[in-house]
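A short write-up of the structure that comes next.
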Ligand code: NCD
Ligand code: ZN
């Protein structure tokens with residue numbers, strides 16, 4: 001048996017949903033992760049400090065949340081007030097603000113269309129050191145879906161950062177070589193999260209030999225060269241990259257549909273998948289930086305004091321294929337190969 005002991009990881013991009021889904025999925029993250037940046041794209045979204053405070057209480061009340069720290073975010077709308085954001089940050093409640101271009105992904109209808117309208121909030125965030133987490137895809141229907149991340153960097157992100165040079169920015173779930181390069185060259189005020197699934201799948205997994213809706217997420221997985229660039233970035237040890245699983249549960253009927261929802265539910269297997277990828281890249285010694293150190297470093301927090309041990313067994317670990325929830329079954333991400341890693345309990 002091979003084993004690896006690292007600081008307890010955090011998840012810097014997570015969807016826990018609400019209600020019966022929240023009750024079912026929280027434990028799946030809390031088992032392995034100490035803290036998580038909680039995405040605010042509920043219906044209706046988490047917009048104000050009061051919304052975030054109430055949502056945080058619901059998360060803490062969920063089964064399995066006892067040793068789990070949700071780091072709340074606010075959903076940036078064109079009506080968001082700088083004072084409300086600053087107050088929620090000052091009380092230690094809110095750790096980032098999330099920018100969804102309107103219409104870019106699941107529940108993003110309240111997102112931003114006119115960036116001039118959010119400029120006062122961005123200026124205040126830069127002053128107080130509150131990071132902006134960015135869903136980096138343009139929503140212009142004339143732009144090919146596989147190009148939307150790269151085009152977003154040129155048309156939206158780079159101008160936004162030039163206008164707000166001291167704003168701390170996280171490029172959420174980068175999926176392209178362009179995204180990884182831009183993050184790496186952006187200096188200490190810029191970083192990128194990478195999901196476990198984007199280190200494993202490319203677009204063939206979604207589309208070749210039949211359409212596989214459980215691999216569909218946004219940003220959509222790109223061609224293999226991009227996956228390889230992401231593996232290189234994640235395993236490089238560079239402080240610019242850290243784990244954000246983007247674990248995003250949807251019940252099976254909403255995924256297996258004529259118009260299926262975007263999102264991969266990876267929480268139960270995220271660390272096992274990462275250990276596999278890092279081992280294959282000969283970079284197990286850099287897994288701790290990616291999963292446990294670079295994230296807190298960017299967010300100005302101490303890494304977790306507690307440690308976990310990942311163990312590799314000769315026999316595959318039988319992870320469940322589905323999680324039953326009060327809303328219906330949710331398919332767990334299947335990497336397409338046997339997983340041999342588990343967190344020792
Ligand atoms: C996320 C969701 O389902 O909320 N879906 C996804 O494909 N990643 C939204 C998001 O992070 O884009
Ligand atoms: Zn997400």
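Coordinate-derived values only; no laboratory data. Nothing here was measured: the structure is a model prediction, and the numbers come from that model. No Cβ is skipped: glycine too gets one built from the backbone with ideal geometry, and neighbour counts run over all protein chains shown.
Below is a table of values for the structure above.
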read-out: Per-residue Cβ neighbour rank within 10 angstrom, fewest leading, 133, 261; value: 261, 133
read-out: Exposure proxy order (Cβ contacts within 10 Å, fewest to most) of 8, 17; value: 8, 17
read-out: Euclidean distance of C-alpha centroids, segment 320-345 and segment 41-120, integer Å; value: 28 Å
read-out: Whole-number percent relative contact order across segment 186-345, with pairs defined as alpha carbons under 8 Å at least 6 apart; value: 26 percent
read-out: Value of Rg/Rh across segment 275-345 [Cα atoms, Kirkwood radius]; value: 1.04
read-out: Theoretical gain in end-to-end length, residue 228 to residue 262 [0.36 nm per residue, Cα-Cα removed]; value: 10.0 nm
read-out: Per-bin percent of Cα-Cα distances, segment 166-247 [10 Å]; value: 20, 51, 23, 6, 1
read-out: Computed label-point distance, nm, for sites residue 306 and residue 83 using a 7 Å Cα→Cβ extension; value: 4.0 nm
read-out: Tail fraction, Cα-Cα pairs, segment 3-343, threshold 24 Å, whole percent; value: 51 percent
read-out: For segment 79-120: rounded, prolate or oblate by the Cα gyration tensor [a/c cutoff 1.5]; value: oblate
read-out: Helix axis angle, 19-30 relative to the chain longest principal axis, alpha carbon, degrees; value: 60 degrees
read-out: Anisotropy class of segment 1-128 from Cα gyration tensor, a/c 1.5 cut; value: prolate
read-out: Nearest-ten-degree value, helix 270-280 long axis tilted from longest Cα axis of the chain; value: 70 degrees
read-out: For 75, 216, order by how many other beta-carbon atoms lie within 10 Å, fewest first; value: 216, 75
read-out: Most fluctuating residue given options 202, 164, 41, as computed from a GNM of the chain linking Cα atoms under 10 Å; value: 164
read-out: Ellipsoid semi-axes in whole angstrom, largest first, where each is sqrt(5λ) of the Cα gyration tensor of segment 123-192; value: 21, 13, 9
read-out: Mean separation of Cα contacts under 8 Å, 6 or more apart, over the residue count of the chain: relative contact order %; value: 20 percent
read-out: Cα-based shape type of segment 112-261, given that a ≥ b ≥ c are square roots of the gyration tensor eigenvalues and the cut on a/c is 1.5; value: prolate
read-out: Choice from 11, 147, 334 with maximal GNM fluctuation in the chain (Cα, 10 Å cutoff); value: 147
read-out: Helical contribution to [θ] at 222 nm, DSSP H n ≥ 4, -39,500 (n - 2.57), averaged over the chain, rounded to 500; value: -8500 deg cm²/dmol
read-out: The chain: angle of helix 224-235 to the longest principal axis, Cα-based, in degrees nearest 10; value: 90 degrees
read-out: Choice from 115, 68, 278 showing the highest fluctuation, given a GNM over the chain with Cα pairs closer than 10 Å; value: 115
read-out: Modelled label reach - residue 20, point 7 Å along Cα→Cβ, segment 300-340 residues with backbone N closer than 13 Å; value: 324-330
